[in-house]
Ligand SMILES: NC(=O)c1ccc[n+]([C@@H]2O[C@H](COP(=O)([O-])OP(=O)(O)OC[C@H]3O[C@@H](n4cnc5c(N)ncnc54)[C@H](OP(=O)(O)O)[C@@H]3O)[C@@H](O)[C@H]2O)c1
């Protein structure tokens, strides 16, 4: 059995146990290119660079510097993520020790070159922003960041001016803006329409679908990549479907779990470049990467998913 099928089988069977998952993934010996063939990628509009469409969020879950057991969980999660073809990891100076932990674990695992590392600037004032971003580069142990985003639009004009300079100087590869709440979508849209925003990060899910009303259209028109945060509404969506069986028709979208159904609904939106579910659970990260395989729902199936979710 080829390694991708092995991985998919693991995801489909929802195998339990860190060791089992780790052993299976560790046994994958094929070259990365063939191992990850067929996994869903999206192009970054401004450059055409390809990115796997499921990444990893680190809010809360990677803020574990002081706890050896939780640090080991984070390490295994990051290992399974990279082994399964994942690349984008999203952090912020707002997330406690998450930048430091991500940098340390990526170095320990020797996977730094595989990752697409995104973080944020979250302070006011030009000099404070520069100091914070330099700190992030140090903690994440990178020479240059793949993506630096203005967190929650805090002092956005000031930081975007710095980020344009940093991008020209090669200190970051891409610049972006983020928010987590529909109340800010109008402000995000205005900035995106200026045309030089590489990445927009925003909340979007079956529970919070507002971004598709106008924002995604503006992003597509401006050639702005879209990162989806809160794809499970911070986990609330799992509480809503708890103990409820996955509908039979989920198979039509290749979804073997609720997480895959939720992610496939998001990924079927063509404006979306990458969704970044947060987890420190290796089984969950493997489950989430499972959404990169198989079909995506068509418009009718997407509507059915929404109707069903809203009826629960
Ligand atoms: N929340 C925000 O306001 C916000 C704002 C800006 C940016 N972000 C970025 O977006 C990322 C994602 O958002 P988020 O972490 O807030 O929320 P989320 O990804 O919508 O949900 C995270 C929750 O889902 C659970 N989960 C993940 N995969 C699962 C699976 N396959 N099966 C069952 N449960 C699963 C996690 O629990 P386990 O840990 O048990 O897996 C966690 O409780 C953040 O980590 C951060 O990088 C978030």
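The values are calculated or read from the model by the stated rules, or taken from the named source; none is laboratory data. Not measured: the values here are computed from a predicted model. Every residue, glycine among them, receives a Cβ derived from its backbone with ideal geometry; neighbour counts consider all protein chains shown.
Filtered by the rule that a residue be over 18 Å from residue 206 (Cα atoms), modelled with pLDDT under 95 and crowded, with 18+ Cβ neighbours inside 10 Å, segment 220-255 gives no residues.
With respect to the conditions (1) on the phi > 0 side of the Ramachandran plot; (2) surrounded by fewer than 21 Cβ atoms within 10 Å (Cβ to Cβ), residue 85 falls short on a single one, namely (2).
Only residues that are within 13 Å of the ligand (Cβ to nearest atom) and in contact (Cβ under 8 Å) with a residue 40 or more places away in the chain were counted in segment 238-254, giving 2. A single entry from 110, 55, 103, 66 fulfils the requirement of being in contact (Cβ under 8 Å) with a residue 40 or more places away in the chain and either under 27 Å from residue 38 (Cβ atoms) or more than 13 Å from the ligand (Cβ to nearest atom) (or both): 55. The residue list 185, 181, 151 contains one member that is within 28 Å of residue 233 (Cα to Cα), under 21 Å from the mean Cα position of the chain (by Cα) and without any contact (Cβ under 8 Å) to a residue 24 or more places away in the chain, which is 181.
Scanning segment 264-278 for residues that are under 21 Å from residue 239 (Cα atoms) and more than 14 Å from the ligand (Cβ to nearest atom) returns no hits. For segment 143-154, a residue qualifies if it is surrounded by fewer than 19 Cβ atoms within 10 Å (Cβ to Cβ) and modelled with pLDDT of 95 or more, and the qualifying residues are 152, 153, 154. Cβ-Cβ distances below 7 Å connect the following pairs, each with a first residue in segment 279-292 that is over 17 Å from residue 58 (Cα atoms) and more than 6 Å from the ligand (Cβ to nearest atom), a second residue that is modelled with pLDDT of 95 or more and part of a helix (DSSP H, G or I), and a separation of six or more residues or different chains: 290/260; 291/260; 291/263; 291/264; 291/267. Each residue in segment 115-136 was checked for being within 15 Å of the chain's Cα centre (by Cα) and free of Cβ contacts under 8 Å to residues at least 40 places away in the same chain, and 3 of them qualify.
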